[in-house]
Amino acid sequence: MENKLKEILTSATQLFRKYGIKSITMDDVSRHMCLSKKTLYQYVSNKNDLVEKAVELMAAQNAFNCEEDMQSLNAIEKHVRHYEKITTFLSELNPSFEYDLQKYYQKQWYKLMETRRSVLFEKMKSDIIQGIEEGFFRNNFDVEKVVLFNLIRIEGLKETDVLPQFNYKLIDVVQEFFNYHIYAISTPKGIEEYNKLMEKHKLK
């Protein structure tokens, strides 16, 4: 039963992220999964219950994803991986999802945001410290303040309505933001490694 519930929550989350929460009904979730509503209601009691459980799963996946495949990477390599994940997240996110969550499910919204911020803060802080130790990043700046600065900028990119006015796509601004961040904190050794990786990944 636990695996089936997780499958339902994962599927519902995909729909919520793509179309927003308010516009998705239990019928939509049922059809998307080729599942009868009777079966669906064996796992969740109503839409509110579905949303609450889906957000709990999102928070748990954020909080306990150790990303073991990244443990052997240097700090620049980790930064490039995170860049790719953040780019995918921002490009696939429908603003209606977080708007609906914040407006209609405030408790779940705060829980998700607190978890996401905490996880990103610790990951970025750890990666920057690693980069300093490896000689890729400078050692004369306040690590935590730089991490906070990045969190603020990432959240700002999700919420701004400035880009369409100046005919820019989010993906282009995210890439330039990432370049700006790396060049601001890197040593010559770090910039060399970064340019090599960006060329390899065809991201620059």
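Considering only residues that are of a type in the set (Val, Ile, Thr) and touching a strand residue (DSSP E or B) at 6+ places or on another chain (Cβ under 7 Å), which ones fall in the range 149-204? Full working, then the answer.
So in the range 149-204, the residues of a type in the set (Val, Ile, Thr) come out as 152, 154, 160, 162, 171, 173-174, 182, 185, 187, 191.
Of everything in the range 149-204, those that are of a type in the set (Val, Ile, Thr) and touching a strand residue (DSSP E or B) at 6+ places or on another chain (Cβ under 7 Å) turn out to be Ile185, Thr187.
Just one of Ser91, Ser72 is among the hydroxyl-bearing types (Ser, Thr, Tyr) and either part of a loop (DSSP other than H, G, I, E, B) or at positive phi (or both); which is it?
Numbers: Ser91 fails: either part of a loop (DSSP other than H, G, I, E, B) or at positive phi (or both).
That would be Ser72, the only listed residue that is among the hydroxyl-bearing types (Ser, Thr, Tyr) and either part of a loop (DSSP other than H, G, I, E, B) or at positive phi (or both).
If you take the residues of the range 1-47 that are under 25 Å from Gln106 (Cβ atoms) and of a type in the set (D, E, K, R), which of them is surrounded by the most Cβ atoms within 10 Å (Cβ to Cβ)?
Checked the range 1-47; the qualifying residue surrounded by the most Cβ atoms within 10 Å (Cβ to Cβ) is Arg17.
So, Ser118, is that one open to solvent by less than 100 Å² (accessible area, probe 1.4 Å), out of contact with any helix residue (DSSP H, G or I) (no Cβ under 7 Å at 6 or more places or on another chain) and either in a helix (DSSP H, G or I) or not hydroxyl-bearing (Ser, Thr, Tyr) (or both) or not?
yes
Could you go through the range 82-105 and let me know if any residue there is in contact with a helix residue (DSSP H, G or I) (Cβ under 8 Å, 6 or more places away or on another chain), surrounded by fewer than 17 Cβ atoms within 10 Å (Cβ to Cβ), within 23 Å of Leu170 (Cβ to Cβ) and free of Cβ contacts under 8 Å to residues at least 12 places away in the same chain.
yes
Do you know which of the residues in the range 127-145 that are assigned to a helix (DSSP H, G or I), open to solvent by 40 Å² or more (accessible area, probe 1.4 Å) and of a type in the set (Asp, Glu) is farthest from Met70 (Cα to Cα)?
Here is the first cut: in the range 127-145, the ones assigned to a helix (DSSP H, G or I) are 127-134, 143-145.
Filter again for open to solvent by 40 Å² or more (accessible area, probe 1.4 Å), leaving 129, 132-134, 144-145.
Next, from what is left, pick out any that are of a type in the set (Asp, Glu): 133-134, 144.
Values: Glu133: 17, Glu134: 16, Glu144: 22 Å.
Filtering the range 127-145 for residues that are assigned to a helix (DSSP H, G or I), open to solvent by 40 Å² or more (accessible area, probe 1.4 Å) and of a type in the set (Asp, Glu), the one farthest from Met70 (Cα to Cα) comes out as Glu144.
Can we say Glu199 is out of contact with any Pro (no Cβ under 6 Å at 6 or more places or on another chain), within 19 Å of Ile86 (Cβ to Cβ) and open to solvent by 70 Å² or more (accessible area, probe 1.4 Å)? Full working, then the answer.
Values: out of contact with any Pro (no Cβ under 6 Å at 6 or more places or on another chain): yes; within 19 Å of Ile86 (Cβ to Cβ): no; open to solvent by 70 Å² or more (accessible area, probe 1.4 Å): yes.
Here the answer is no, as Glu199 does not meet what is asked.
If a residue has to be part of a helix (DSSP H, G or I), polar (S, T, N, Q) and touching a residue at least 40 places away in the same chain (Cβ under 8 Å) to count, how many in the range 1-28 make the cut?
Number of matching residues: 2.
Within the range 146-156, can you find the residues that are modelled with pLDDT under 95 and open to solvent by 30 Å² or more (accessible area, probe 1.4 Å)?
Phe149, Ile152, Arg153, Glu155, Gly156
Under 7 Å between Cβ atoms, which residue pairs at least 6 apart in sequence (or on different chains) link something in the range 172-193 that is closer than 21 Å to Leu148 by Cα with a partner that is of a type in the set (Ser, Thr, Tyr)?
Taking only residues 6 or more apart or on different chains, the pairs are Val174/Thr87; Phe178/Tyr83; Ile182/Tyr194; Ser186/Tyr194.
Looking at (1) within 15 Å of the chain's Cα centre (by Cα); (2) touching a residue at least 40 places away in the same chain (Cβ under 8 Å), which is the one condition that is false for Phe136?
(1)
Hey, among Leu157, Leu148, which residue is in a helix (DSSP H, G or I) and under 13 Å from the mean Cα position of the chain (by Cα)?
Numbers: Leu148 fails: under 13 Å from the mean Cα position of the chain (by Cα).
When all the criteria are applied, what remains is Leu157.
The values are calculated or read from the model by the stated rules, or taken from the named source; none is laboratory data. Only a predicted model underlies this, so the values are computations on that prediction, with no experimental measurement involved. For neighbour counting, all protein chains shown are included, and Cβ atoms are generated from backbone atoms with ideal geometry for every residue, glycine included. All accessible areas refer to the heavy atoms of the entire protein, side chains included, with ligands and DNA or RNA removed. Shrake-Rupley method; radii C 1.70, N 1.55, O 1.52, S 1.80 Å.
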